[in-house]
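Only one structure is covered here, and it is reproduced in the block below.
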Amino acid sequence: MSDFDYDLFVIGGGSGGVRAARVAAGETGAKVALAEEDRYGGTCVIRGCVPKKLMVFASEYAHAPAEARAYGWDIPDGTFNWSDFRGKLEAELDRLEGVYRKLLAGSGVETFDARARLKDAHTVELSTGEVKTAKHILIATGGRPVRPDLPNAHLGMVSDDIFHLDALPKSVLIIGGGYIACEFACILNGLGVEVTQYYRGAQILRGFDEEARGLIAESMKQRGIDLHVGTDIVEMHRATGTDEDGMTAPVEVDQYGAHPEDGPGNGPIRVKATNGNTRVFDAVFFATGRKPNSDDLGLEELGIETGRNGQITVDGYSQTKVPSVYAIGDVTDRVNLTPVAIREGMAFVETVFKGNPTEVDHELIPSAVFTQPELGTVGLTEEQARDQEQIEVYCSSFRPMQTAFAERPDRVLMKLIVSKATRKVLGCHIVAPGAGELIQLAGIAVKMGATKEDFDRTVAVHPTMSEEIVTMRNPVRSA
Ligand code: FAD
């Protein structure tokens, strides 16, 4: 008989925590509890991947009537109804949260709708006042969006807010150049919002292949997104009334330049940028970064180390400096993606409850950016690969049949980075509609160590866009 209330106490009911709790309880018979302070499903289900992808789907219909007309259909342009969509979205998220709760209950996990913090290496204190002990504690508390340190930054929204808007703004300024900024620029553009985007770096989507970044930036501009790189926000104020330049003038404000009752989405905002321009937007959306949820968890008192951004330091088995305490997912800031948090949760259960020490493999993780067009990527970028060894680059950029017929200017890109020495495909980058779907499959070949000749031996599927990936005969350059 164990001296503890549970074998495992999980803090956080998001992607990683729910999977670890379910598998530990369901497959090993461990006595498991989980505390969630907000909604079950976490970032991915409630305010990340799922609602975002549904918004991507909604926004992609913007071009459908014009394209259908080009194919001979007699279809008028439509209008998008945000409140109808939001109602359906909320109902879907409620349904999914219910599924998560049911899965936990069905696996025998006891759940607490409460905030939790560590009291000692085996004890968890809940916001309800209850205190529980466990042989192992798993921290899976995820992360949250952060606003920049700028006066009046609270007037701007972050990604959590976007799903709850009462109405879509007429115009929005998006600050940031990462995948969340670019995805929402495309989504809101598709839904009919006038989108301006400022990013302080030289090109959007830092860390991805440069050619792919360039093509996406061009496509975004072509679709009407007013993208300014090398540009950041200097000042922002709530704006009401009109001043002598015809600009809306700042409202009466407190000593910080903000109206005390103000929040995101309450009216126009006047923004001064580093390029000298001052413009007024209905809303400002900060997609400027995320922070791990490691505050007030009792980590310092226990001697659990955190990094500069607050991420919990763990070893390859997700174990912290305190042997009974593990951490997985975004709170460890390794690779912040849902399938990775899930993998880390499964590896934790293998290690701790199945007697099979398993490190998570963070190499060659395929991923997608759901811009329009999408980016699918796996492995090294051209820039990373050429710093490492001699490479050949195979690349094809063309207008796909479906949209070319409709006289749309869209281009797609298929690119392979190949090792000269081993012939292995080190990286694959696809910019195309549905690239997220394509890269999942290419990712298997790359993960298996396929060579360029393996790609060449594969017969094309015709007529498709992706056949280019097996028909590129000559390198466009060597480096
Ligand atoms: P989370 O899912 O964040 O779950 C943590 C949970 O812990 C939360 O429910 C939180 O309420 C709870 N919690 C926090 N502190 C406590 C506490 N003290 N006590 C109790 N509960 C607590 N990933 C992809 O793979 N593909 C995508 O397309 C994608 N799109 C995204 C879009 C957006 C806008 C965002 C923000 C993220 C996106 N992600 C995407 C990332 C993905 O959502 C995360 O990587 C994933 O959710 C991490 O899972 P997690 O279990 O670590 O944390």
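Data for the structure
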| read-out | value |
| --- | --- |
| Sparsely packed trypsin sites (Lys or Arg not before Pro) within the range 448-477, loop by DSSP, other Cβ within 10 Å at most 12 | ARG473 |
| Backbone HN-Hα couplings from phi across the range 279-289 [Karplus 6.51/-1.76/1.60, Hz, Gly and Pro as x] | 9, 10, 10, 5, 8, 10, 10, 8, 10, 10, x |
| Cα-projected label distance for VAL99 with ASN277, points at 7 Å along beta-carbon direction, nm | 4.2 nm |
| Separation between Cα centres of the range 1-55 and the range 93-161, rounded to whole Å | 9 Å |
| For the range 153-164, 3J(HN,Hα) per residue [Karplus equation, 6.51 cos²θ - 1.76 cosθ + 1.60, θ = phi - 60°, Hz, x = Gly/Pro] | 4, 5, 5, x, 8, 10, 4, 4, 7, 5, 7, 10 |
| Percentage relative contact order, the range 367-478, counting C-alpha pairs under 8 Å, at least six apart | 32 percent |
| Sequence-separation-based contact order of the chain, relative, with Cα cut under 8 Å and 6+ spacing, percent | 15 percent |
| The chain: antiparallel DSSP beta bridges as a percent of all, rounded to 5 | 65 percent |
| Computed [θ] at 222 nm, helices only, for the chain once each DSSP H run of length n ≥ 4 contributes -39500 (n - 2.57) | -8500 deg cm²/dmol |
| Charge tally in the Cβ shell below 15 Å around GLU301, where Lys, Arg are +1 and Asp, Glu are -1, GLU301 excluded | -3 |
| Spin-label pair THR422/SER107, simplified geometry with 7 Å Cα→Cβ offset, distance in nm | 3.4 nm |
| Heavy-atom accessible surface of the chain: percent carbon and sulfur, 1.4 Å | 50 percent |
| Global form of the chain, assessed from the alpha-carbon gyration tensor, a/c cut-off 1.5 | oblate |
| In Hz, Karplus ³J(HN,Hα) per residue of the range 172-185 (6.51, -1.76, 1.60; θ = phi - 60°; x = Gly, Pro) | 9, 9, 9, 9, x, x, x, 5, 5, 4, 6, 4, 6, 4 |
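The values are calculated or read from the model by the stated rules, or taken from the named source; none is laboratory data. Note that the structure is a prediction, hence the values are computed from the model and not measured. A quick note on method: Cβ atoms are made from the backbone with ideal geometry, for glycine too, and the neighbour counts reach across all protein chains shown. The accessibility values were calculated without ligands, DNA or RNA, using every heavy atom of the protein model including side chains. Shrake-Rupley method; radii C 1.70, N 1.55, O 1.52, S 1.80 Å.
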